[in-house]
Amino acid sequence: MKIEQYVMAYKAEQDRLRALLPTGFASLRPVLRINAEIRSEETIYIEYNTPVEGFGKRGWLNIAHWESSGTNLSYEKNVTATTFRAPFLEIIYTGIGLMGGCPAEKDNDGCFYGTTFVPTEKIDENKEYCNCAFRWKFTENDAYGISTDGKSIPAIPTEQQMQYKKQELSPKNAASIPCEQVLGAYKVTFER
């Protein structure tokens, strides 16, 4: 199956991320990530993740995922940009023509879906850096951000400064954490 994958990451307060994590997981970096996939031009899939360590593995903890078969997801493409829309999210990826890789891939054993762990999918194809604009729409105060230079910026872990009250790991709670900076975005096409 042909996959067009669009990935972006943004910086968010790590102490607030720590307050969302279930028992057994530790936050690795102050990052939230959105992955959007067009699968054979028929199905759209969106994932929302944060980097964690848990159960002896390092990877991405899935906060939520949605498929077009059960959610009102759509996409629109023009010459340079691809826009994904959902009732709770709008995200636009604009290719800038530069190719490269993603630094977070070197520190990633796979993805946690609850306590189920799925090993990393090997993708050898070149990735095109993108500029990205996004807005969560669960509430009017949710995270939003824009990148303009197409660069990847590393996310440095922060020491705990504040102890927030535990909250449920949910997309609405994660989306309420403000975006401090878009860290990078890319698109890649591959066969799965």
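Every number here is computed from the coordinates shown, using simple stated rules; none is lab data. Note that the coordinates shown come from a computational prediction; the quantities given were computed from them, not determined experimentally. Every residue, glycine among them, receives a Cβ derived from its backbone with ideal geometry; neighbour counts consider all protein chains shown.
Descriptive notes on the structure:
- Phi-derived couplings, Karplus 6.51 cos²θ - 1.76 cosθ + 1.60 at θ = phi - 60°, listed residue by residue for the range 108-125: 8, 7, x, 10, 9, 10, x, 9, 7, 10, 10, x, 4, 7, 7, 10, 9, 5 Hz, with x used for Gly and Pro.
- Extension gain (nm, one decimal) between K122 and D109, 0.36 nm per residue minus Cα-Cα: 3.6 nm
- Spatial extent of the range 2-191: Rg and Dmax, with the Cα atoms as the point set, Å: 15.7, 46
- Remark: the range 73-132 carries a charge dipole of roughly 160 debye about the Cα centre, counting +1 on each Lys and Arg Cβ and -1 on each Asp and Glu Cβ.
- Most mobile of G97, G110, G150 in a GNM of the chain (Cα contacts under 10 Å): G97
- Distance from the range 139-155 to the range 20-61 (C-alpha centre basis), Å: 17 Å
- Counting only residues at least eight positions apart within a chain, or on another chain, the lysines with an alpha carbon under 21 Å from that of K166 are K11.
- For the range 159-188, the residues whose backbone nitrogen is under 20 Å from a point 7 Å from the Cα of T71, taken along Cα to Cβ, are 168-179, 185-188.
- In this calculation the C-beta distance from R58 to Q167 is compared with R0 = 25 Å, giving a FRET efficiency of 0.60.
- About its Cα centre, the range 2-191 has a charge dipole of approximately 420 debye under the convention of +1 per Lys or Arg Cβ and -1 per Asp or Glu Cβ, with nothing else charged.
- Take 49-60, 156-167 and order them by the average number of nearby Cβ atoms within 10 Å per residue, most first; the result is 49-60, 156-167.
- Converting phi to 3J(HN,Hα) with the Karplus coefficients 6.51, -1.76 and 1.60 and the offset θ = phi - 60°, the range 45-53 yields 9, 10, 10, 10, 9, 9, x, 9, 10 Hz in sequence order, with x at every glycine or proline.
- Selected from I96, Y45, M162, residue furthest toward positive end of dipole (the chain; charges at beta carbon): M162
- Less than 5 angstrom separates the built amide H of R29 from none of the residues sequence-distant by 5 or more or on a different chain.
- Per-peptide average of other Cβ atoms within 10 Å, ordering 84-91, 114-121, 23-30, 9-16 highest first: 9-16, 84-91, 23-30, 114-121
- Antiparallel beta bridges, as assigned by DSSP with both residues in the range 2-191, represent about 95 percent of the total such bridges.
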